[in-house]
Amino acid sequence: MNTIIAANWKMNKTTAEAKAFAETFTGLLAKKGVPGGRSCMIFPSALSLDVLNSALAASPVVLGAQNFYPAESGAFTGELSLAQLSDVGAKWVLIGHSERRHILNEDFDCVARKTAFAFEKGLGIMLCVGETLAEREAGSLRTVLTGQIETALRGLSVGASDHARLAVAYEPVWAIGTGKVATEKEIAEAHGMVKEILASFSPSLDDLPVLYGGSVKPANATGILAIPNVNGLLIGGASLAADSFYQILQA
Ligand code: PEP
């Protein structure tokens with residue numbers, strides 16, 4: 001299983017800024033490339049996918065979309081379909097990110113419909129899960145993670161060949177964009193739980209990569225990657241600058 005280093009750009013960068021990032025990043029990649037055993041992904045704004053798809057075509061960077069609507073096409077004003085996103089280079093999708101759950105009010109049913117649709121269409125799925133501070137303090141971590149994972153995966157018939165296109169990102173909501181990183185013990189405990197929940201859901205799923213996300217930066221990336229059951233990183237703020245994302249990729 002490759003360690004996945006993934007960038008979530010959220011609602012940042014114009015197409016010109018995305019192009020400038022790609023120029024700097026490919027220049028950096030020309031020195032050391034993507035380290036063996038690592039995969040590199042970027043989830044930019046949908047508007048920058050086309051530009052990045054061209055600018056990064058010769059690199060091993062995989063592109064993904066931050067959002068989509070789970071229908072083929074039709075009367076869904078303002079939404080984007082998987083066909084449209086695939087057309088401009090998206091191979092993976094983020095589903096269940098805490099900002100979509102908590103700010104855009106995506107509920108369990110929405111996450112489940114998106115997961116089922118993307119799975120059926122053959123895209124890679126990065127399922128984001130994580131507890132709020134109130135849920136953690138109430139001792140509900142396992143219940144929250146179990147609910148988020150099981151409602152998303154229910155109904156999928158996952159074969160061994162699908163494992164390469166499924167990943168879970170554990171992102172404690174209180175650590176996203178706050179500068180507050182979970183401790184080594186908290187990360188190890190939550191990742192162990194995610195693996196157990198996946199295994200009890202289906203024994204073959206305990207080998208899915210589980211990424212950590214929440215205020216990762218070059219200074220803490222190596223330490224977090226060394227924690228048991230951490231199989232990658234999902235990075236927001238520190239992925240916006242090519243040099244800091246490159247440093248994390250090399251960490
Ligand atoms: C994220 O958006 O998935 C994230 C982890 O953000 P940040 O790295 O900025 O905390």
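The values are calculated or read from the model by the stated rules, or taken from the named source; none is laboratory data. The structure displayed is predicted, hence computed values, not measured ones. Using ideal geometry, Cβ is built from the backbone for each residue, glycine included, and neighbour counts are taken over all protein chains shown. The accessibility values were calculated without ligands, DNA or RNA, using every heavy atom of the protein model including side chains. Shrake-Rupley method; radii C 1.70, N 1.55, O 1.52, S 1.80 Å.
So the values come out like this:
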item	result
Segment H102-V158, length gained on full extension (0.36 nm per residue, minus Cα span)	17.4 nm
Cleavage-rule hits (GluC sites (Glu not before Pro)) in segment 1-105: DSSP loop, at most 16 neighbouring Cβ within 10 angstrom	E72, E79
Portion, in percent, of the accessible area of segment 3-250 that falls on carbon or sulfur, probe 1.4 Å	54
Test item: Cα-centred dipole of the chain, Lys/Arg +1 and Asp/Glu -1 on Cβ, debye	540
M1 accessible area, assembled protein chains, probe 1.4 Å, Å²	130
Cα gyration tensor, segment 134-251 - rounded (a/c under 1.5), prolate or oblate	oblate
Average accessible surface area per residue within segment 63-120, 1.4 Å rolling probe, Å²	49
GNM top mover of N105, N229, N67 - the chain, alpha-carbon springs below 10 Å	N105
Translational D in µm²/s for segment 1-133 (Stokes-Einstein at 20 °C, 1.002 mPa s, Kirkwood Rh from C-alpha pairs)	137
More than 27 Å apart - percent of Cα-Cα pairs taken over the chain	31
Formal net charge of residues neighbouring P228 (Cβ-Cβ distance under 12 Å; K, R +1; D, E -1)	0
